[in-house]
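The values are calculated or read from the model by the stated rules, or taken from the named source; none is laboratory data. Source: prediction; values computed, not measured. Every residue, glycine among them, receives a Cβ derived from its backbone with ideal geometry; neighbour counts consider all protein chains shown.
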Amino acid sequence: MLPAAVLSALFTFYPMVMSWWYSLLDWTGFTERGDFIGLDNYWRLVQDQQFWAAFGRSIAFVLVGTPVRVVLALVIAILLNNQLLKLAPVFRTFFFIPVITTAAVVGVVMSFMLGSYQGPVNQLLMMAHILPEPVKFLSDPNTALWSVLGVHVWKGTGHTMIYWLAALQTVPTTYLEAAKVDGAGPLRIARHITWPILLPFAVVIIILTAQSDLHTFALVQAMTEGGPYFSTQVIEVYIYQTAFAAGSSESGNAGVPQLGYASAAGCFFGTVTLVIALAQAWAIRKVNAVRGQLREAGDS
Amino acid sequence: MSLATATPRRVRGARIPRHHWRTTLRVVVLSLILLPICLAWIYPFVWMVSASLKSNKEIFAGLNPFPSVVRLDNYVRAWTQANMGRYFFNTVFITVFSTVISVGSTALIGYVLGRYRFPGKKVVIGLFAAAIFLPEGYTIIPVFDMITMLGLSGSLWGVTLAEAGGAHVVATLLFAGYFGQLPGELEEAARIDGAGFWRIFANVYLPLAKPVIATAIILQVMHSWNSFLLPLVLTLSRPELRTLAVGVYSFRGEYLNDWAGMAAASTITLLPIIIVFLFLQRYFVESIAGALKN
């Protein structure tokens, strides 16, 4: 028991606590210890436009990526849930393959595929005469964020689809049969049977998808390293580049690692994701309560 | 396609015995629509494999996925010159040992959390649940600092331990939930027979938890094989410890124009996990669907 407890203490709980301590330090490198400076890092963070811009991009990922993924995945799941569709397992495999692949490597491959010079996507669009000239998917600051988001949605939709399929399979076919026998049309079945059963799952699925839209470091770093001109620097990329001075000339803080300051950004970000998670717990409880009432009303 | 029109299709599908010709036609049309979409969906991987078998010149020349001559020299170049062979070994090492460590320890912690009452238990479970949502960007600095302090920054064990420690929260909660709902009579009976804590855990309860063990293994293997931020940071000054993900990433930085070599290196990374997935697909899907239900 002890070694297991030590492992989880070291890698789960120690970092949780220490991040907060580090965020109070003026600390540049691993060779030396930092000086305690109180909340100065946080004051700096509040005024740091680059930080807020990065935070805003992550929020954009959630606000755009989540609805697209959830709706697209639901449509695919409904189509694949058709029991007469013999090829459904094969199709499911296809949609799911991007999910299990290494995000960083997918990012590298995609950066080649979307290249404006001889990238296969541009070649294809040009050959089909859809475009007169190549699109600068990743080299134009105005389109890069959307290209990266598109790749992220492509990679993650299969994940959300599996959630929806699991949820759809909880809808008992006997209910649907009974409703049909009673003469209910497709719309009324969807409205009064399928939807109420799916609702609690929908809440969980939306939150899980939103969470994964916040965690895009590997894909973004591998595709664009936050560039061009910071246009794809999401919050995790910002933290990494600030902490380890790994952004080269691109991120403007080359040479000086800022571990304390990056910790402050990390703590802020961690708190935000935690608040979202708590909102989830609250929402699930709320939805379950509503369902419980409905069930009681139905029984009496 | 809107929700309202799509949902009843499942309803019709549920009524299996009578095959209306219109239903059949609909299924055929649906398949014909889905097939090209699916092929386009995995086109990046097809392109990657095909590019890895071509010369650089041929990649630029056209979109035909079939190379004129199958070339394996890209793989040789990636494996030796770009050190993918070494990174492959590193990644296998880290994946195997982090999985052994993490599954063993999550099963234990889950067992204790699920079967024993002790003060502060709810707090511990709450902390675990909260930790699921903590972003890696939030914990990477203390983890890096700790690995250095433990003197492990020069060996693969540093990355291995960090991988094992980082991903185990979901598995712990799954184990705790699973062990918690098993009947307590098993434990009492074993205790009367004179079995101690370890015997009861290893011989009585653990064998019952096979489905959760399978899930925990799959989650950890996916996590370790695909992980990027952690090995990237831990190997910043130690290129010889890189994993495949980090190796491919730095490959692009070093050989920007070698598309064929990059494609070969990427294939070396992705093919194993895709093959494992295809063989264990059912378990993968159940693992992820199971994470939803909890």
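Hey, can you tell me all the residues within segment A:107-122 that are in a helix (DSSP H, G or I) and facing chain B (nearest Cβ under 7 Å)?
Filtering segment A:107-122 for residues in a helix (DSSP H, G or I) gives A:107-113, A:120-122.
Hits for segment A:107-122 are A:Val108, A:Val109, A:Met110, A:Phe112, A:Met113, A:Pro120.
Check A:Leu214, A:Leu208, A:Leu168 and return the single one that is of a type in the set (A, V, I, L, M, F, W, C) and more than 29 Å from A:Phe55 (Cβ to Cβ).
On the way: A:Leu214 fails: more than 29 Å from A:Phe55 (Cβ to Cβ); A:Leu208 fails: more than 29 Å from A:Phe55 (Cβ to Cβ).
Checking each option against the conditions leaves just A:Leu168.
Applying the selection to segment A:51-84, what residues are small (Gly, Ala, Ser) and modelled with pLDDT under 90? Break it down stepwise before answering.
Our first condition is that a residue be small (Gly, Ala, Ser); within segment A:51-84, this holds for A:53-54, A:56, A:58, A:60, A:65, A:73, A:77.
Passing the criteria: none in range.
If you take the residues in segment A:125-163 that are among the polar types (S, T, N, Q) and surrounded by fewer than 20 Cβ atoms within 10 Å (Cβ to Cβ), which one is nearest to the chain's Cα centre (by Cα)? Before you say what the answer is, go through the steps one by one.
Taking segment A:125-163 first, the residues among the polar types (S, T, N, Q) are A:139, A:142-143, A:147, A:157, A:160.
The next check asks that each one be surrounded by fewer than 20 Cβ atoms within 10 Å (Cβ to Cβ); those that pass are A:139, A:142-143.
Details: A:Ser139: 23, A:Asn142: 21, A:Thr143: 19 Å.
So the residue we want is A:Thr143.
Across segment A:172-219, which residue is surrounded by the fewest Cβ atoms within 10 Å (Cβ to Cβ) among those that are closer than 30 Å to A:Phe230 by Cβ, among the β-branched types (Val, Ile, Thr) and touching a Phe, Trp or Tyr at 6+ places or on another chain (Cβ under 9 Å)?
Applying the first criterion (closer than 30 Å to A:Phe230 by Cβ) to segment A:172-219 yields A:206-219.
Narrowing the set further to residues that are among the β-branched types (Val, Ile, Thr) leaves A:206-207, A:209, A:216.
When the remaining residues are screened for being touching a Phe, Trp or Tyr at 6+ places or on another chain (Cβ under 9 Å), the result is A:209, A:216.
Numbers: A:Thr209: 22, A:Thr216: 27.
Ranking the candidates gives A:Thr209 first.
Based on this model, can you work out whether A:Val153 counts as out of contact with any Gly (no Cβ under 6 Å at 6 or more places or on another chain) and not polar (S, T, N, Q)?
No: the conditions fail for A:Val153.
Among the candidates A:Ala178, A:Ala190, A:Ala184, single out the residue that is over 30 Å from A:Ser116 (Cβ atoms), in a helix (DSSP H, G or I) and more than 9 Å from chain B (Cβ to nearest Cβ). Step through it out loud before you land on a result.
On the way: A:Ala190 fails: more than 9 Å from chain B (Cβ to nearest Cβ); A:Ala184 fails: in a helix (DSSP H, G or I).
Sole residue among the options that is over 30 Å from A:Ser116 (Cβ atoms), in a helix (DSSP H, G or I) and more than 9 Å from chain B (Cβ to nearest Cβ): A:Ala178.
With respect to A:Arg92, determine if the residue is basic (Lys, Arg), in contact (Cβ under 8 Å) with a residue 40 or more places away in the chain and outside any loop (DSSP other than H, G, I, E, B).
So A:Arg92 fits the description; yes.
Return the only residue of A:Leu80, A:Leu84 being surrounded by 17 or more Cβ atoms within 10 Å (Cβ to Cβ), within 7 Å of another protein chain (Cβ to nearest Cβ) and within 29 Å of A:Tyr163 (Cα to Cα).
Numbers: A:Leu80 fails: within 7 Å of another protein chain (Cβ to nearest Cβ).
Checking each option against the conditions leaves just A:Leu84.
Just checking, does segment B:53-61 include any residue being over 27 Å from the mean Cα position of the chain (by Cα), basic (Lys, Arg), outside any helix (DSSP H, G or I) and over 30 Å from A:Pro120 (Cβ atoms)?
From segment B:53-61, those over 27 Å from the mean Cα position of the chain (by Cα) are B:54-61; that's our starting set.
With the extra rule that they be basic (Lys, Arg), the set shrinks to B:54, B:57.
Then keep just the ones that are outside any helix (DSSP H, G or I); that gives B:54.
Pick out the ones that are also over 30 Å from A:Pro120 (Cβ atoms) and you get none.
Checked segment B:53-61: no residue is over 27 Å from the mean Cα position of the chain (by Cα), basic (Lys, Arg), outside any helix (DSSP H, G or I) and over 30 Å from A:Pro120 (Cβ atoms).
Can you pull out the helices (runs of 4 or more DSSP H) entirely within segment B:134-242 that have at least 2 residues that are touching a residue at least 60 places away in the same chain (Cβ under 8 Å)? Steps first, answer last, please.
On the way: elements: B:136-149, B:156-166, B:169-180, B:185-192, B:210-226, B:229-234.
Qualifying helices (runs of 4 or more DSSP H): B:136-149, B:156-166, B:169-180, B:210-226, B:229-234.
Can you tell me which residue within segment B:156-202, out of those that are away from chain A (no Cβ under 14 Å) and within 23 Å of the chain's Cα centre (by Cα), is farthest from B:Ala107 (Cα to Cα)?
B:Leu156
Return yes or no: is A:Asp213 in contact with a Ser or Thr (Cβ under 8 Å, 6 or more places away or on another chain) and over 13 Å from A:Val99 (Cβ atoms)? Before the answer, list the steps.
Numbers: in contact with a Ser or Thr (Cβ under 8 Å, 6 or more places away or on another chain): yes; over 13 Å from A:Val99 (Cβ atoms): yes.
Yes, satisfied.
Within segment A:17-41, track down each residue that is touching a Ser or Thr at 6+ places or on another chain (Cβ under 7 Å) and either over 30 Å from B:Leu150 (Cα atoms) or assigned to a helix (DSSP H, G or I) (or both). Walk me through how you get there before you give the answer.
Filtering segment A:17-41 for residues touching a Ser or Thr at 6+ places or on another chain (Cβ under 7 Å) gives A:19, A:22-23, A:30, A:41.
Hits for segment A:17-41 are A:Ser19, A:Tyr22, A:Asn41.
Is it true that some residue in segment B:212-223 is surrounded by fewer than 16 Cβ atoms within 10 Å (Cβ to Cβ) and within 14 Å of chain A (Cβ to nearest Cβ)?
Among the residues of segment B:212-223, not one is surrounded by fewer than 16 Cβ atoms within 10 Å (Cβ to Cβ) and within 14 Å of chain A (Cβ to nearest Cβ), which makes the answer no.
Looking only at segment A:228-243, decide whether some residue is touching a helix residue (DSSP H, G or I) at 6+ places or on another chain (Cβ under 7 Å), buried (at least 16 other Cβ atoms within 10 Å of the Cβ), without any contact (Cβ under 8 Å) to a residue 12 or more places away in the chain and at the interface with another protein chain (Cβ under 7 Å from one of its Cβ atoms).
The answer is no, given that none of the residues of segment A:228-243 is touching a helix residue (DSSP H, G or I) at 6+ places or on another chain (Cβ under 7 Å), buried (at least 16 other Cβ atoms within 10 Å of the Cβ), without any contact (Cβ under 8 Å) to a residue 12 or more places away in the chain and at the interface with another protein chain (Cβ under 7 Å from one of its Cβ atoms).
Of the residues B:Ser287, B:Ser250, B:Ser237, only one is touching a Pro at 6+ places or on another chain (Cβ under 8 Å) and farther than 18 Å from B:Val92 by Cβ; which? Steps first, please.
Working: B:Ser287 fails: touching a Pro at 6+ places or on another chain (Cβ under 8 Å); B:Ser237 fails: touching a Pro at 6+ places or on another chain (Cβ under 8 Å).
Answer to the check: B:Ser250.
Take B:Ala82 and tell me if it is assigned by TED's automatic domain parsing to the domain that holds B:Gly196 and free of Cβ contacts under 8 Å to residues at least 40 places away in the same chain. Walk me through it before giving the result.
Details: assigned by TED's automatic domain parsing to the domain that holds B:Gly196: yes; free of Cβ contacts under 8 Å to residues at least 40 places away in the same chain: no.
No, not satisfied.
Tell me the residue from B:Arg238, B:Arg242, B:Arg191 that is basic (Lys, Arg) and crowded, with 21+ Cβ neighbours inside 10 Å, please.
Details: B:Arg238 fails: crowded, with 21+ Cβ neighbours inside 10 Å; B:Arg191 fails: crowded, with 21+ Cβ neighbours inside 10 Å.
Result: B:Arg242 is the single residue among B:Arg238, B:Arg242, B:Arg191 that is basic (Lys, Arg) and crowded, with 21+ Cβ neighbours inside 10 Å.
Of everything in segment B:109-133, what is outside any loop (DSSP other than H, G, I, E, B) and closer than 26 Å to A:Ala210 by Cα? Give them in sequence order.
Restricting attention to segment B:109-133, the residues satisfying the condition of being outside any loop (DSSP other than H, G, I, E, B) are B:109-115, B:121-132.
Across segment B:109-133, the qualifying residues are B:Val123, B:Val124, B:Ile125, B:Gly126, B:Leu127, B:Phe128, B:Ala129, B:Ala130, B:Ala131, B:Ile132.
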